[in-house]
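Heads up: the structure comes next, in structure tokens.
The values are calculated or read from the model by the stated rules, or taken from the named source; none is laboratory data. Small disclaimer: the values here were computed from a predicted structure and weren't measured. All Cβ positions, even for glycine, are placed from backbone atoms using ideal geometry, and neighbour counts span all protein chains on display.
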Amino acid sequence: MIPVELYILLASIMFTIGLYGLVTQRNGIKLMMCIELLLNSANINLVAFSANQPNVDGQVFALFSIALAAAEAGVGFAILISLYRLYGTIELDNINALRW
Amino acid sequence: MYADYAYLIVAMPVLAFVLCIFFGWHLPKGGGFFTVLATFGGLILSLGIFKEIYPDKIVHQSIPWFANFNVGILIDPLAIVMLLMVTFVVTLIHTYALGYMDGDPGAARYFAEAALFTAAMLGLIYSDNLLQLFIFWELVGLCSFLLIGFWYRKPSAAAAAKKAFLTTRVGDVLFLAALVLLYNNMASLNLALKPGEYLLQFPVIYAHIAQIPPTQLTFIALCLLGGAVGKSGQFPLHVWLPDAMEGPTTVSAMIHAATMVTAGVYLVARMFPLFYAAPNALTVVALIGAFTGLFAATMGLTAFDIKRVLAFSTVSQLGFMMAGLGVGAAVGVAAVGVSIFHLIGHSFFKALLFLCSGSVIHAVGTNDMREMGGVGKYMKWTAYTMLIGSLSLAGFPLFTGFFSKDEIIKIAYEYGVQINYLPYIMLICAATLTAIYTFRLWFVAFTGEPRSDYHKHESPWIMIGPLVLLAVFALGFGFFAQSGFYQYLDTNFEHYGVDFHALGVIGGHISEAGAAGGEGAGEPFIVKILPYIIAIGGILVAMLFYYWHKLDPGLVTSERDPIRRLLLKGYYQHEIFTAWFAETVVYGVAILFNLIDIKIVDGVLNKISEVTVGFGGNLRKVQTGVVQNYITAVVLGIVVLVIVIEIGMKVGL
């Protein structure tokens, strides 16, 4: 049985990578990917704890979370596509029509 | 019964103003008959009130206004004689204006403004408190501005109106200062006022003058005098009066005779107890008055504009009135009667003179008397009424001006015996000059041969009628009214129980023990007959020069004579007051103040706003609108929070 600490370690590494990407990246798709990383690191935690102490609640919750992430990705990419059509780029720094 | 309707004396001209300004445009003669009727109604009412209160009653009505102030009507002997004079003279002037302004496209505006002018002056006269008087005073100033600038398309008229307004404004500010000072002093007495009494009401002021510190009294009196100097065209604020000739002649007649300029003299007369109690104030009044009298008379000698000559004579005669009040330091309250008598006599003959000159100008079409000449042959009525006016102004025996001016000179002599001969000497010289320049005007304009081609016709009857009526008064008023007038006016302040002896002690006019002055100490014979000599002598001098042409003015002066040039230039007043004082000194100071305003006052404010805007501008940059930056901030915040909590737990808080 893999100790739960390793799952937590993996999850925190993923979370950190995602967070780092979210702060530093300017490309829309990369940002979406980073958000996925954040969500999935949370999911890993949920599943790991669920398996560790027999209780399926966490796994159910992870399923919800994955479904939610899929929906979010769908909406997000749709927005990005229409942004690309409008501006010809998805570099978020260039999309500043509403900024001062 | 008439007294119950006293407010109508002001209300009717105001109504006429409203009617003229709204409907006058569609009525014949600009609706001028409204104005005439309104002032005539005022005359009837005034006569009725006079009958009711003569000889020993006063009318006093008052309603609360706001806070410590009231609105009220006070008709005492001083006010009623002024009311009668103003309504009478102004009614005649308005009647005359019906003819004079006929055909002027702005006639409706003229009659509206003239009605308002009359209303303001009448309101000023019977105000029962100083604040109300001040309000009407300002209204008079406004109306004079409007009327002097009546032909506002003419640049010189617009400039004259502005000059009149600004010059009198200097005085008005001083008047306002006096008002504030007086109110302050009255308030600090902590009087227990009965209901219906207010701090600035004249009876209340009269009753408590003695309690105000004398130095404060002098301040107040001098500030009031400043107001009177501005309004009554005394030196050095007389510069607007000759320029005020730019308005229609009827306006000049109104300003110079009945309304406006008499207001200053009236103010000093009204506040006479205060002036009397204030040390040195009356001396200043006497000196300013006498000096103005002489100063303006010399300028009248050289003017060629027929109206300017009369304007200078007004300034000069107002100087007589002021001096008459000022020498009250020696003769006490009798000075008020003497001065106001001259004021009223003067308003009759000055209105007459102005209306006559208007009649001449109407016919000849110019103001320059060098172009007239021989007008008397074609305008008999005008010439003879003007002769009566001139004789009266010159102080020819038995004419009104003789009685009133003689009396002022007499009390000035008494003042001389007791205190200082300077006002007396100046007034004697001024009176001589008055006789000379008046008849120079008359002879040059009305006798001899025509010097230019003008319409040789008499004015219409609507203009001649008022002239004749005024001439009757200029002729007979002095002779018939004098003694009764003095008696009546002397009782004026008795109604309020003013103790002139006590006030005189405060003012230093009467020593604690001694009686009031050497009453009728017997003047030398020469002083008694001097007024006759100067009046007749002055007229003879004028005849020698301008009627018989025995003497050529060139003998006495020449073009290059510095004195003549000085007089012709009006003592270089324009150069001194306007060119030098206004344009150099005032403008320089204005530039300085402007700099201070821009650099310091504005500068500080601008700096404050700059700092604020800059700070905001910098702070704004925090709100980038880039979500990533917010995330960074949130993460950093959490990290810091975690670290702080960790450390806290370690330390064991």
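Summary table
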item	result
Residue within the stretch A:81-98 that is touching a Gly at 6+ places or on another chain (Cβ under 9 Å) and among the charged types (D, E, K, R) present	yes
Pair list, Cβ under 7 Å, 6 or more apart: the stretch B:610-637 residue within 8 Å of chain A (Cβ to nearest Cβ), other residue at pLDDT 85 or above and assigned to a helix (DSSP H, G or I)	B:Gln628/A:Leu22; B:Gln628/A:Val23; B:Ile631/A:Leu22; B:Ile631/A:Val23; B:Thr632/A:Val23; B:Val635/A:Leu19; B:Val635/A:Val23
Flag if B:Ala633 is part of a helix (DSSP H, G or I), modelled with pLDDT of 75 or more and among the aliphatic types (A, V, I, L, M)	yes
Exclusive hit being part of a helix (DSSP H, G or I), surrounded by fewer than 24 Cβ atoms within 10 Å (Cβ to Cβ) and at pLDDT 85 or above, set B:Phe312, B:Phe291	B:Phe291
Matching residues, the stretch A:9-62, being within 11 Å of chain B (Cβ to nearest Cβ) and among the basic types (Lys, Arg)	A:Arg26
Given (1) outside any helix (DSSP H, G or I); (2) within 20 Å of the chain's Cα centre (by Cα), number of the condition B:Pro397 does not satisfy	(2)
Residue count for the stretch A:26-44, restricted to those that are crowded, with 18+ Cβ neighbours inside 10 Å and not in a helix (DSSP H, G or I)	0
Residue within the stretch A:5-16 that is assigned to a helix (DSSP H, G or I) and closer than 30 Å to A:Arg85 by Cα present	no
Yes/no for B:Tyr96 being within 23 Å of the chain's Cα centre (by Cα) and crowded, with 24+ Cβ neighbours inside 10 Å	yes
Set A:Val47, A:Val60, A:Val23: member being over 11 Å from the mean Cα position of the chain (by Cα), in a helix (DSSP H, G or I) and closer than 23 Å to A:Ile95 by Cα	A:Val23
Out of B:Ile93, B:Ile75, B:Ile58, sole residue that is closer than 30 Å to B:Phe493 by Cβ and modelled with pLDDT of 85 or more	B:Ile75
Residue list for the stretch A:66-82, filter: closer than 18 Å to A:Leu22 by Cβ and away from chain B (no Cβ under 14 Å)	A:Leu68, A:Ala69, A:Glu72, A:Ala73, A:Val75, A:Phe77, A:Leu80
Matching entry among B:Ala286, B:Ala329, B:Ala335 (being modelled with pLDDT under 80 and under 30 Å from B:Val505 (Cα atoms))	B:Ala329
Residue in the stretch B:246-260 that is within 30 Å of B:Ile436 (Cβ to Cβ), at pLDDT below 85 and either surrounded by fewer than 21 Cβ atoms within 10 Å (Cβ to Cβ) or touching a strand residue (DSSP E or B) at 6+ places or on another chain (Cβ under 8 Å) (or both) present	no
The lone exception for B:Gly326 - which of (1) touching a strand residue (DSSP E or B) at 6+ places or on another chain (Cβ under 9 Å); (2) farther than 21 Å from B:Gly141 by Cβ; (3) not basic (Lys, Arg) it fails	(1)
Output for the stretch A:63-89, where each listed residue is under 16 Å from the mean Cα position of the chain (by Cα) and not hydrophobic (A, V, I, L, M, F, W, C)	A:Ser65, A:Glu72, A:Gly74, A:Gly76
Candidates B:Leu37, B:Leu45, filtered to the one that is part of a helix (DSSP H, G or I), over 27 Å from B:Thr491 (Cα atoms) and in contact (Cβ under 8 Å) with a residue 12 or more places away in the chain	B:Leu37
In the stretch B:107-125, residue nearest to B:Phe23 (Cα to Cα) [restricted to those that are among the aromatic types (Phe, Trp, Tyr) and touching a Cys at 6+ places or on another chain (Cβ under 7 Å)]	B:Phe111
Of residues in the stretch B:526-566 being touching a helix residue (DSSP H, G or I) at 6+ places or on another chain (Cβ under 6 Å) and either loosely packed, with under 13 Cβ neighbours inside 10 Å or more than 29 Å from B:Phe403 (Cβ to Cβ) (or both), the one modelled with the lowest pLDDT	B:Thr557
Residue match in the stretch B:43-57 (condition: within 24 Å of the chain's Cα centre (by Cα) and not assigned by TED's automatic domain parsing to the domain that holds B:Pro203)	yes
Total residues in the stretch A:84-100, condition within 14 Å of another protein chain (Cβ to nearest Cβ) and in a helix (DSSP H, G or I)	3
Number of the condition not met by B:Thr215 [criteria: (1) β-branched (Val, Ile, Thr); (2) buried (at least 24 other Cβ atoms within 10 Å of the Cβ); (3) out of contact with any Leu (no Cβ under 8 Å at 6 or more places or on another chain)]	(2)
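For (1) in the same structural domain as B:Thr249 (by TED's automatic domain parsing); (2) farther than 19 Å from B:Ala253 by Cβ; (3) polar (S, T, N, Q), each residue gets a yes or a no:
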residue	(1), (2), (3)
B:Val338	yes, yes, no
B:Leu343	yes, no, no
B:Ser359	yes, no, yes
B:Met379	yes, no, no
B:Tyr384	yes, no, no
B:Ser392	yes, no, yes
B:Leu398	yes, yes, no
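So that you can scan it fast, the table gives a plain yes or no per residue for (1) farther than 24 Å from B:Gly345 by Cα; (2) in contact with an Asp or Glu (Cβ under 6 Å, 6 or more places away or on another chain):
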site	(1), (2)
B:Cys20	yes, no
B:Trp25	yes, no
B:Phe34	yes, no
B:Ala38	no, no
B:Phe50	no, no
B:Ile58	no, yes
B:Pro77	no, no
B:Thr95	no, no
